[in-house]
Amino acid sequence: MNEKEKEEYIAYIMSRKSSNKKNYYKESLKEIASFHKTHDRKPRILLHVCCIVCACWPLDFLLENGFEVAVMYNNSNIWPEAEHDKRLAEVKRLLHERYHDQIELIVPPYDYDTYAKTVLKNRGTDPEGWTSCFGCYGERMNAAFQYADEHGFDYFTTVMTFSRQKDSQKINEIGLNLGRNYTHTKYFVSDFKKADGALKSDAICNEYCIYRQDYCGCEYSYHERHPEDTRES
């Protein structure tokens, strides 16, 4: 990072501490009420899922609020492939054990090598949670958004607003901007960690003995968490 980029990054980090933020949790409740007021059916929503730790409470929240939910696990950012598959297996397990296979699961092909060369090409010099990560969020969200629009979903959203390590304000901003490109599907704003979402997730994870990963996904985030691991990427 050059000096200008460092200044921009520091300004962004400081902005995350601001109290002048939109309450996307309250906005989500307003959107739910508005839909149910004008429709006599369940809204269909496609939920982008990066792991079941982040997804278990959002799934409950959406189902409890009358949504028909489908899940897309499109995460070519996850390294190595064995980790991608392990997280996917946990998604499948909870969809089976807790939701009795009533929730559709869509899994696009995995291709980390291409993803790393394109979407993550600058991640080696960017800190986690900065512009390369924003591009990674947007790439996966847009792919799922496009699928949702092509298949007639009312809404698209992502579980990434649940994570305490991610900026839900930025993720919602990305989602709302992406929504301008689609004619049928609307972006559903969220902040799934609100209203004790983390505690509710912990209870579910403990009940089902869910695997909890300790890094976001890509090889860079892995080595930032595990600098002692010198295995070649």
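Some points to look at:
- Only a single criterion out of (1) farther than 30 Å from P227 by Cα; (2) surrounded by fewer than 18 Cβ atoms within 10 Å (Cβ to Cβ); (3) out of contact with any His (no Cβ under 7 Å at 6 or more places or on another chain) is not satisfied by K121, namely (1).
- Residue count, the stretch 31-44 (criterion: loosely packed, with under 11 Cβ neighbours inside 10 Å and either basic (K, R) or closer than 16 Å to Q169 by Cα (or both)): 2
- Residue count, the stretch 157-168 (criterion: modelled with pLDDT of 95 or more and more than 11 Å from the chain's Cα centre (by Cα)): 0
Yes/no matrix, rows are residues, columns are (1) in a loop (DSSP other than H, G, I, E, B); (2) in contact with a Leu (Cβ under 8 Å, 6 or more places away or on another chain); (3) of a type in the set (S, T, N, Q):
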{"position": "D101", "(1), (2), (3)": "yes, yes, no"}
{"position": "T114", "(1), (2), (3)": "no, no, yes"}
{"position": "G124", "(1), (2), (3)": "yes, no, no"}
{"position": "E128", "(1), (2), (3)": "yes, no, no"}
{"position": "C136", "(1), (2), (3)": "no, yes, no"}
{"position": "A143", "(1), (2), (3)": "no, no, no"}
{"position": "Y147", "(1), (2), (3)": "no, yes, no"}
{"position": "F153", "(1), (2), (3)": "yes, yes, no"}
{"position": "R164", "(1), (2), (3)": "yes, no, no"}
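Table: residues versus (1) open to solvent by 10 Å² or more (accessible area, probe 1.4 Å); (2) over 27 Å from C218 (Cβ atoms); (3) outside any strand (DSSP E or B); (4) of a type in the set (G, A, S).
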| residue | (1), (2), (3), (4) |
| --- | --- |
| L46 | no, no, no, no |
| C50 | yes, no, yes, no |
| D60 | yes, yes, yes, no |
| N75 | no, no, yes, no |
| W79 | yes, no, yes, no |
| E83 | yes, no, yes, no |
| L88 | yes, no, yes, no |
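- Subset of the stretch 193-233 that is among the aliphatic types (A, V, I, L, M) and in a helix (DSSP H, G or I) - its residue that is nearest to V119 (Cα to Cα): A198
- You will find that of G179, G152, G175, the residue that is under 17 Å from V71 (Cα atoms) and in contact with a strand residue (DSSP E or B) (Cβ under 6 Å, 6 or more places away or on another chain) is G175 and no other.
- For the stretch 153-208, filtered to residues that are basic (K, R) and free of Cβ contacts under 8 Å to residues at least 60 places away in the same chain, the residue that is most open to solvent (accessible area, probe 1.4 Å) is R180.
- Where A55 falls short, out of the listed (1) crowded, with 19+ Cβ neighbours inside 10 Å; (2) small (G, A, S); (3) farther than 19 Å from Y99 by Cβ: (3)
- Among the criteria (1) on the phi > 0 side of the Ramachandran plot; (2) surrounded by 15 or more Cβ atoms within 10 Å (Cβ to Cβ); (3) not basic (K, R), the one F67 does not fulfil is (1).
- Looking across the stretch 206-217 at every residue that is out of contact with any Phe, Trp or Tyr (no Cβ under 9 Å at 6 or more places or on another chain) and of a type outside the set (D, E, K, R), the one that is farthest from E81 (Cα to Cα) is identified as N206.
- Criterion: modelled with pLDDT under 95 and either touching a helix residue (DSSP H, G or I) at 6+ places or on another chain (Cβ under 7 Å) or open to solvent by less than 70 Å² (accessible area, probe 1.4 Å) (or both) - qualifying residue of K21, K6: K21
The values are calculated or read from the model by the stated rules, or taken from the named source; none is laboratory data. Quick caveat: nothing in here was measured; it's all calculated off a predicted structure. Heads up, the Cβs are rebuilt from the backbone with ideal geometry, glycines too, and the neighbour counts pull from every protein chain shown. These area figures cover heavy atoms from the full protein model, side chains too; ligands, DNA and RNA do not enter into them. Shrake-Rupley method; radii C 1.70, N 1.55, O 1.52, S 1.80 Å.
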